[in-house]
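S.K.: Submitted below is the structure of interest, expressed as structure tokens.
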Amino acid sequence: MLKIGFLDAYLDNWHANEYPGFLREAIQKYGYDAEITAAYAYYDLPGGTSTDEWCAHRGIRRAESPEELLDTVDAVMVIGADDARLHALCEPKIALLPLASSKPVFIDKTFSADLASAKDLFRLADEHHTPVFSSSAQRYCQSILDYQRRMAGTRPRFVSTVGPHSLDNYAVHQLEPMVALMGCGAKRVKSFPVGDNVTQMMIDWGDGRMGSFLQTPNPWAEFNFMVSDGKTGERLASEDYYINLMNAILSFFVTGISPVPREETLEVMALIDAARASRQNPDIWLEVEH
């Protein structure tokens, strides 16, 4: 049986609360011989559910330390979905020990706080021959998967995304599907001065293909993806993605092969960095670092 461990700074957050159920649903649906056998959190969120309560509610053993967790499982899910700085830049740096374990590691969105730390994480994984996979769940919308199969590798000419929240923790949900559809190699970005809490940005791939990105602070704004080949367009619904993501994670844990090329993960991080810089320098084109 494949033994899976959960590791987080604290476990009382939406992804940590919901992913065990989604993972178990995918295990049953797709017939994996796998189970979540242990979890560890470095501290309890003040006023929130304690690690002991979290584990007891889900029937998961609480590990005594991150080292003990890594010793007793075959694969690790590193969460920290609310603040990517916790993965490597800020204590407790929850991704570092797993990436030195040589065991398959899924790192939840956002992979890192910036492009530089993303490169460092992949470098650490390579030093220890650790397979690593990271993705936004939105990449696995059934509509996006169906479109990719139907188009058989043909890239759209234009992609438009709309979504909620902030660049630091939610831009990945718009940029990851865009990179999945358009591929790597974005050349430049331009943002517009539309307010302190709104990001409106164009992305230029340099070959006539363009992306449009609009992010608002409204937490209930719906994700919206539009694609066009230059003649006709269609909307790709933001739905039916969590179990697809869990299936991808489980397949990765079994094979050790990431379904997302690291170049695409780094491209997403480069675009987030470029968006931050562009917001400070609106109305001009800025090159994307690669």
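S.K.: For the stretch 129-152, check the following and say yes or no: at least one residue is modelled with pLDDT of 95 or more, under 17 Å from PRO66 (Cβ atoms) and not small (Gly, Ala, Ser).
M.R.: Yes, there is a match, as at least one residue in the stretch 129-152 is modelled with pLDDT of 95 or more, under 17 Å from PRO66 (Cβ atoms) and not small (Gly, Ala, Ser).
S.K.: Then there's this: Here are MET201, MET178: which of them is surrounded by 18 or more Cβ atoms within 10 Å (Cβ to Cβ), among the aliphatic types (A, V, I, L, M) and either on the phi > 0 side of the Ramachandran plot or assigned to a strand (DSSP E or B) (or both)?
M.R.: Result: MET201 is the single residue among MET201, MET178 that is surrounded by 18 or more Cβ atoms within 10 Å (Cβ to Cβ), among the aliphatic types (A, V, I, L, M) and either on the phi > 0 side of the Ramachandran plot or assigned to a strand (DSSP E or B) (or both).
S.K.: Would you pick out the residues in the stretch 77-103 that are within 16 Å of PHE6 (Cβ to Cβ), surrounded by fewer than 23 Cβ atoms within 10 Å (Cβ to Cβ) and not hydrophobic (A, V, I, L, M, F, W, C)?
M.R.: ASP82, PRO92, SER101, LYS103
S.K.: Check off (1) assigned by TED's automatic domain parsing to the domain that holds VAL179; (2) in contact (Cβ under 8 Å) with a residue 40 or more places away in the chain for PRO259 and give me the number that stays unchecked.
M.R.: Only one criterion is unmet by PRO259, namely (1).
S.K.: Restricting to the stretch 127-167, name every residue that is in contact with a strand residue (DSSP E or B) (Cβ under 9 Å, 6 or more places away or on another chain), assigned to a helix (DSSP H, G or I) and within 23 Å of VAL78 (Cβ to Cβ).
M.R.: Selection gives GLN138, LEU167.
S.K.: Here's something else I'd like to know. All but one of (1) small (Gly, Ala, Ser); (2) farther than 20 Å from LEU2 by Cβ; (3) within 23 Å of the chain's Cα centre (by Cα) hold for ALA56; state the number of the condition that does not hold.
M.R.: (3)
Okay, residues lined up against (1) surrounded by 15 or more Cβ atoms within 10 Å (Cβ to Cβ); (2) outside any helix (DSSP H, G or I); (3) of a type in the set (Ser, Thr, Tyr):
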site	(1), (2), (3)
ASN17	yes, no, no
TYR40	yes, yes, yes
ASP44	yes, yes, no
GLY47	no, yes, no
CYS55	yes, no, no
LEU69	yes, no, no
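The values are calculated or read from the model by the stated rules, or taken from the named source; none is laboratory data. Note that this is a predicted model, so its numbers are computed, not measured. Here Cβ is always computed from backbone atoms with ideal geometry, including for glycine, and neighbour counts include all displayed protein chains.
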